[in-house]
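Working notes, structure below.
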Amino acid sequence: MDLLQELARTHAEPLRAFDLDEPQLDLRYGVGKWTIREILHHLADAETVLFERIRRVISEPRQVLWAFDQDAWARKLGYGERPLRLSAELYSATRKGVVYYAERHYERSGELEFVHSETGVRSLRDEFEK
């Protein structure tokens with residue numbers, strides 16, 4: 001399966017989870033783990049971070065891009081209170097943006113590099129494939 005097909009497939013699958021009922025959204029996959037609701041909010045936020053990184057690498061390659069503290073985001077951005085529909089819309093719109101740039105830059109600009117604050121030098125292609 002090529003990258004664009006995979007991005008489309010992985011766009012549609014999580015969107016179905018945003019429509020789970022309240023008891024399902026409050027399930028945890030383990031003690032002390034995030035609820036499904038929190039995971040969906042995290043997915044939306046992580047997608048926005050990915051989208052920003054992609055645009056920054058295309059427009060300003062070879063800079064340092066910082067990791068984000070997912071637990072701090074969950075606590076301080078109110079994953080328990082944030083409307084799930086908002087995160088669904090953020091995730092969907094942002095994934096469409098990722099696909100847009102993947103279509104135009106995966107092959108043509110994939111070798112562009114940036115420095116991830118935790119993992120070191122990465123390429124645009126690496127970021128799309130992540």
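Considering segment 1-40 alone, what residues qualify as being modelled with pLDDT under 95, of a type in the set (Lys, Arg), farther than 24 Å from GLY110 by Cβ and assigned to a helix (DSSP H, G or I)?
Result: ARG16, single match.
Regarding ILE36, is this residue surrounded by 13 or more Cβ atoms within 10 Å (Cβ to Cβ), in contact with a strand residue (DSSP E or B) (Cβ under 9 Å, 6 or more places away or on another chain) and among the aliphatic types (A, V, I, L, M)? Steps first, please.
Numbers: surrounded by 13 or more Cβ atoms within 10 Å (Cβ to Cβ): yes; in contact with a strand residue (DSSP E or B) (Cβ under 9 Å, 6 or more places away or on another chain): yes; among the aliphatic types (A, V, I, L, M): yes.
Spelling it out, ILE36 is indeed surrounded by 13 or more Cβ atoms within 10 Å (Cβ to Cβ), in contact with a strand residue (DSSP E or B) (Cβ under 9 Å, 6 or more places away or on another chain) and among the aliphatic types (A, V, I, L, M).
So which residues in segment 95-117 are outside any strand (DSSP E or B) and either touching a strand residue (DSSP E or B) at 6+ places or on another chain (Cβ under 7 Å) or closer than 16 Å to ALA46 by Cα (or both)? Steps first, please.
Filtering segment 95-117 down to residues outside any strand (DSSP E or B) leaves 95-112, 117.
Within segment 95-117, ARG95, LYS96, GLY97, VAL98, VAL99, GLY110, GLU111, LEU112, SER117 qualify.
Let's see how each residue does on (1) among the basic types (Lys, Arg); (2) open to solvent by less than 70 Å² (accessible area, probe 1.4 Å); (3) in contact (Cβ under 8 Å) with a residue 60 or more places away in the chain; (4) out of contact with any Gly (no Cβ under 9 Å at 6 or more places or on another chain):
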{"site": "ASP45", "(1), (2), (3), (4)": "no, yes, no, yes"}
{"site": "LEU86", "(1), (2), (3), (4)": "no, no, no, yes"}
{"site": "VAL98", "(1), (2), (3), (4)": "no, yes, yes, yes"}
{"site": "TYR101", "(1), (2), (3), (4)": "no, yes, no, yes"}
{"site": "ARG122", "(1), (2), (3), (4)": "yes, yes, no, yes"}
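Cβ-Cβ below 6 Å, separation at least six or inter-chain, first residue in segment 22-41 and without any contact (Cβ under 8 Å) to a residue 60 or more places away in the chain, second part of a loop (DSSP other than H, G, I, E, B) and of a type in the set (A, V, I, L, M): which pairs?
ILE36/LEU27
Can you pull out every residue in segment 64-81 that is open to solvent by 40 Å² or more (accessible area, probe 1.4 Å) and assigned to a loop (DSSP other than H, G, I, E, B)?
TRP66, PHE68, ASP69, LEU77, GLY80, GLU81
The values are calculated or read from the model by the stated rules, or taken from the named source; none is laboratory data. Small disclaimer: the values here were computed from a predicted structure and weren't measured. Please note: Cβ atoms are built from the backbone with ideal geometry, for glycine as well, and neighbour counts cover all protein chains shown. Keep in mind that these areas ignore ligands, DNA and RNA; they rest on the heavy atoms of the full protein, side chains included. Shrake-Rupley method; radii C 1.70, N 1.55, O 1.52, S 1.80 Å.
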